[in-house]
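Below: the structure, in structure tokens.
The values are calculated or read from the model by the stated rules, or taken from the named source; none is laboratory data. Given the structure is predicted, the values throughout are model-derived calculations rather than measurements. Here the Cβ positions follow ideal geometry from the backbone for every residue, glycine too, while neighbour counts run over all protein chains shown. Ligands, DNA and RNA are excluded from the accessible area calculation, which covers all protein heavy atoms including side chains. Shrake-Rupley method; radii C 1.70, N 1.55, O 1.52, S 1.80 Å.
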Amino acid sequence: MIVVADTTPIISLLKINRLDLLNKLFGNIQIPHGVFDELTQNTNFADEANEISHCSFIHIQNVASREVSLFKKATGLDQGESEALVLTDKLNADLVLLDEIKARQVARAIGFNIMGTIGILKTAYNDAFMTAEEIRIAVETLRSTGRHIGDKVFATLLETLN
């Protein structure tokens, strides 16, 4: 299975110390250089950058800057999201990991299969890599660190886990 990831799902999994879920659920993960840069260039997150830089199952891919530039202009998405979607197309990936609403709308319109952080957690539960309580704590942690996860989405997630 070929899986491409944008920045936010990776950051979310780093925040809950469960980056390992990507490898357990999907094997290798492909990210474009723009996503790698977003993950590693903020000096306030040196530990996280080091973890990403040394992660054996995350592979950095090049994408054509002209394609990305045109895609970015046409969609209004940021660099990382644009590169992730161009890479998804280039690799004919089976799945793209995205959280941002606009990027998900664009990906859906193109016909890509999408999963976000909540979907990753739900799949981890279904595959017995996390318990319902671990997911509840993880989502509360994400919400307390500034990740927007609405009450309705949280409640629906908890209902599906019981």
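Could you say whether any residue in the stretch 32-41 is part of a helix (DSSP H, G or I), without any contact (Cβ under 8 Å) to a residue 12 or more places away in the chain and touching a helix residue (DSSP H, G or I) at 6+ places or on another chain (Cβ under 9 Å)?
no
Being outside any helix (DSSP H, G or I) and either free of Cβ contacts under 8 Å to residues at least 12 places away in the same chain or surrounded by 21 or more Cβ atoms within 10 Å (Cβ to Cβ) (or both) is the filter here; which residues of the stretch 1-13 pass it?
VAL3, VAL4, ALA5, ASP6 - these are the residues of the stretch 1-13 that are outside any helix (DSSP H, G or I) and either free of Cβ contacts under 8 Å to residues at least 12 places away in the same chain or surrounded by 21 or more Cβ atoms within 10 Å (Cβ to Cβ) (or both).
Among (1) under 24 Å from ALA107 (Cα atoms); (2) touching a residue at least 12 places away in the same chain (Cβ under 8 Å), there is one condition ILE16 misses while meeting the rest; what is its number?
(1)
Right, LYS152: open to solvent by 80 Å² or more (accessible area, probe 1.4 Å) and either basic (Lys, Arg) or touching a Phe, Trp or Tyr at 6+ places or on another chain (Cβ under 7 Å) (or both) or not?
yes
Return the residue satisfying two criteria in turn: it lies in the stretch 41-58 and is open to solvent by less than 30 Å² (accessible area, probe 1.4 Å) and β-branched (Val, Ile, Thr), and of such residues it is nearest to THR88 (Cα to Cα).
ILE58
Report yes if some residue within the stretch 51-71 is touching a Gly at 6+ places or on another chain (Cβ under 9 Å) and charged (D, E, K, R); otherwise report no.
No; the residues of the stretch 51-71 include none that is touching a Gly at 6+ places or on another chain (Cβ under 9 Å) and charged (D, E, K, R).
Across the stretch 58-96, which residue is farthest from GLY27 (Cα to Cα) among those that are without any contact (Cβ under 8 Å) to a residue 40 or more places away in the chain and of a type in the set (D, E, K, R)?
LYS73
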